[in-house]
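Computed from the coordinates by the stated procedures, all read-outs in this text should not be read as laboratory data. On a predicted model such as this, the values are computed, not experimentally measured, just so you know. No Cβ is skipped: glycine too gets one built from the backbone with ideal geometry, and neighbour counts run over all protein chains shown.
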Amino acid sequence: MDYKNLKQNDETVYKLILKEQGRQARELEMIASENYVSPAVMEAMASLLTNKYSEGYPGKRYYGGNQVIDDVETLAIERAKRLFGADHVNVQPLSGSPANAAVYMAFLKPGDKVLGLKLDHGGHLSHGHPVNFSGMLYNFVQYGVDSKTGRIDMDEVEEIAKKEKPKMIVAGYSAYSREIEWERFKTIADKVGAYTFADIAHTAGLIAAGEMDSPVGIFDIITTTTHKTLRGPRGAVIMCKEEYAAQVNKAVFPGMQGGPHDHITAAKAVAFGEALKPEFKVYAAQVIKNAKTLAAEFAEKGYRVISGGTDNHLMVVDMTNKGLSGKEAEAVLDRIGISVSRSTVPNDPNPPMNPSGVRFGTPALTTRGMKEEEVKRIAGWIEAAIENRENIEVLDSIKNEVEELCEAFPVPGIHNS
Ligand code: DSN
């Protein structure tokens, strides 16, 4: 994009966007939930579809002039159904938390009991944390990961479910690096009469590509954001079995939201179209190969990787034995041009603002075309920066190497200006 009108009309915003463009071009993005959309997705997002109101659903709108929007939304729905093999898809949720809120609204009453993973074990705020609407409105009980293996202990999940008899069980996480036993969750839920709800926001792209196990066809309801491994615009979708279609649609609109963001719906359709192409499968497979390489490099350098490795695009690394906190590690890596997010580790003795770990992810590096060789170099720089965190000369020299690598692997559609 050349932003020529923006430059003319609002130089302040133009300059801020250009500054961020430079950061994205010259720095490495290792935040597990971030990615770079294609120029085609970007153009759809920036389109004039933002001008339209279209409360309702295709063929049943509360506003006139929606003939084209109906086609856009229907296309997004059909592509998402094909991509995931889902019976029913609602493409209107504005983002992950609103999608999850709509799911709870569709299936629960305030005060109902829900079983979800603890936040510091890799769960999400909207899976029942007390500071979030989910924990305020519903009676969440929580399961955790095994402290030795770092993996979900399904026997413990079954024990808690039998004792607590929740109305819904939530699986699918923000900081969990292993395959999820969807079938086992479903068996447990059936034993206690609970709905099964999967939040696959992080792994949706890997699942769509067939590189990870899918909950579709097993779980009752599935949500995902569209902007992480799926590499689409900011937003979300809800998938469910046909029998739940009406109640899910009603919960999204008029339950939770007003008019959908039609420019984003169009961009979702473009991203789903991209994910249906064979090259997306190659991309998703490489994301996982890169993550496995990174986890192995960390382990080899003496870092404690939670669960000992990864099956997906991310890993949580405990910084304690390296003598710094996750927040300090995040700052050191920022200094050399690598963005990461601090993260709690299971049973973290430290608070979420200053936790013990860092979460690393490979989706964005892989979009730039980086493979195992580059990932090994990056792991070396991370280690060198952490070991030499007081040494400005070393940090500056690594930052230069990071920039050189970024120049060699440009972000699709982003210029380094
Ligand atoms: N904030 C997202 C993440 O970083 O995982 C989840 O919503």
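Summary of computed values
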quantity: Reach of residue 250 by Cα under 23 Å, taken over lysines that are not fewer than 8 positions away in the same chain; calculated: 52, 60, 81, 109, 113, 167, 241, 268
quantity: Residues of the stretch 352-395 with amide N under 19 Å of the 7 Å Cα→Cβ point at residue 25; calculated: 365, 367-370
quantity: Residue-count net charge about residue 168 - beta-carbon cut-off 10 Å; Lys, Arg +1, Asp, Glu -1; calculated: 0
quantity: Whether the chain is rounded, prolate or oblate, judged on the alpha carbon gyration tensor where a/c under 1.5 counts as rounded; calculated: oblate
quantity: Part-to-part distance (alpha-carbon centres) for the stretch 24-65 and the stretch 125-200, which is given in Å; calculated: 31
quantity: Total charge dipole magnitude, the stretch 140-211, about the Cα centre, Cβ charges on Lys, Arg, Asp, Glu only, Debye to nearest 20; calculated: 220
quantity: More than 22 Å apart - percent of Cα-Cα pairs taken over the stretch 19-92; calculated: 44
quantity: Relative contact order of the chain, defined on C-alpha pairs under 8 angstrom at six or more residues apart (%); calculated: 23
quantity: Residue 401/residue 7 FRET efficiency (R0 30 Å; Cβ-Cβ; nearest 0.05); calculated: 0.40
quantity: Within the stretch 249-373: Cβ-based charge dipole about Cα centre, in debye rounded to nearest 20 (Lys, Arg +1; Asp, Glu -1); calculated: 140
